[in-house]
Amino acid sequence: MLELILGGARSGKSRLAEERALMSNLEVVYIATSQPQDTEMAERVAHHRARRPVTWGLVEEPLALAAVLQREAHSRRVLLVDCLTLWLTNLLLADEGKYLKREIKALLEALPRLPGQVLLVSNETGMGVVPLGELTRRYVDEAGRLHQVLAGLSDRVTLCVAGLPMTLKGERDE
């Protein structure tokens with residue numbers, strides 16, 4: 001089972017993914033892609049960490065996401081990735097995006113073969129104004145393309161707005 005959970009900043013997407021992971025009654029491994037480099041981001045990470053059960057595993061990986069997913073996937077486990085857009089940013093900034101195509105290709109090849117459940121959390125960035133600056137526009141374009149492919153691969157796609165999940169693809173939770 002692969003689910004893509006999209007939403008804007010503070011839309012409730014991470015909380016929804018955490019609830020789904022908890023309700024699965026499976027072992028959970030939280031895969032964090034963040035690299036906190038300032039106080040504000042460190043506070044966001046601390047907030048997320050405090051919300052999670054202490055029994056959940058944690059893997060912090062900013063770049064080699066596919067390799068971590070392949071290593072951690074198990075039929076009795078949920079992998080919760082939070083979040084793809086931070087991962088994409090890390091790739092764009094690493095060696096001028098040298099790893100971007102390779103890592104995206106690895107992710108897209110790995111996902112359909114993974115056992116267990118995977119929850120992918122990502123920011124929906126394409127619903128606002130076209131950003132200024134080449135790097136920012138490239139980020140929005142890459143995120144949009146990645147989301148389209150992932151939506152095609154996913155069993156369920158959910159969009160969170162104001163804490164409300166809207167199922168775009170797949171079965172709704174009752």
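The values are calculated or read from the model by the stated rules, or taken from the named source; none is laboratory data. Everything numeric in this text was worked out from a predicted model, so none of it was measured. The protein model used for the area step is the full one, side chains on, heavy atoms only, and it has no ligands, DNA or RNA in it. Shrake-Rupley method; radii C 1.70, N 1.55, O 1.52, S 1.80 Å.
Pick from Thr55, Thr39, Thr125 the residue whose mean-square fluctuation is largest in a GNM of the chain, springs joining Cα atoms under 10 Å.
Highest fluctuation of the listed residues: Thr39.
Name the most mobile residue of Leu91, Leu135, Leu63, meaning the one with the largest mean-square fluctuation, in a Gaussian network model of the chain with Cα contacts below 10 Å.
Leu135
Using a 1.4 Å probe on the protein heavy atoms only, what accessible surface does His147 show? Give it in Å² to the nearest 10.
Surface accessible to solvent at His147 totals approximately 10 Å².
Sequence gap at least 6, Cα distance under 8 Å: using those rules, report the relative contact order of the chain to the nearest whole percent. Let's see the in-between values first.
Working: 276 pairs, mean separation 63.1, N = 174.
Reported as a whole number, the value is 36 percent.
Take the alpha-carbon centre of the range 1-19, take the same for the range 141-165, and report the distance between them in whole Å.
9 Å
Which shape class, rounded, prolate or oblate, goes with the chain when its Cα gyration tensor gives a ≥ b ≥ c as root eigenvalues, a/c under 1.5 marks rounded, and past that a/b bigger than b/c marks prolate?
Here the chain falls in the rounded category.
Which of Gly133, Gly57, Gly163 moves most in a GNM of the chain, Cα contacts under 10 Å?
Maximum among the listed residues: Gly133.
Can you give the helix-only mean residue ellipticity at 222 nm for the chain, where every DSSP H stretch with n ≥ 4 adds -39500 (n - 2.57) and the sum goes over all residues, rounded to the nearest 500 deg cm²/dmol?
Details: 6 runs with 73 residues, N = 174.
For the chain, the value works out to -13000 deg cm²/dmol.
What span do the alpha-carbon atoms of the range 82-129 cover on each of the three principal axes, reported in whole Å from largest to smallest?
35, 26, 14
Compute the angle between helix 134-153 and the longest alpha-carbon principal axis of the chain, please, reported from 0 to 90 degrees and rounded to the nearest 10.
30 degrees
Hey, what's the range 23-76 come to in accessible area per residue, 1.4 Å probe, Å²?
On the way: 3340 Å² over 54 residues.
Per residue, the range 23-76 has 62 Å² of solvent-accessible surface.
Rounded to the nearest 10 Å², what accessible area does Asp141 show when all protein chains are kept and the probe is 1.4 Å?
Accessible surface of Asp141 is approximately 80 Å².
By its C-alpha gyration tensor, with a ≥ b ≥ c as the square roots of the eigenvalues, how is the range 102-164 shaped: rounded for a/c under 1.5, else prolate for a/b larger than b/c, else oblate?
Working: a/c = 3.01, a/b = 1.37, b/c = 2.20.
The shape class here is oblate.
Compute log10 of I(q)/I(0) for the range 51-110 with the Debye formula, placing one identical point scatterer on every Cα and leaving out solvent, at q = 0.14, 0.20, 0.24 Å⁻¹, to two decimals.
Debye output, listed in q order: -0.43, -0.79, -1.03.
Once both axes come from the Cα atoms, what is the angle between helix 13-23 and the longest principal axis of the chain, in degrees from 0 to 90, rounded to 10?
The two axes meet at around 20 degrees.
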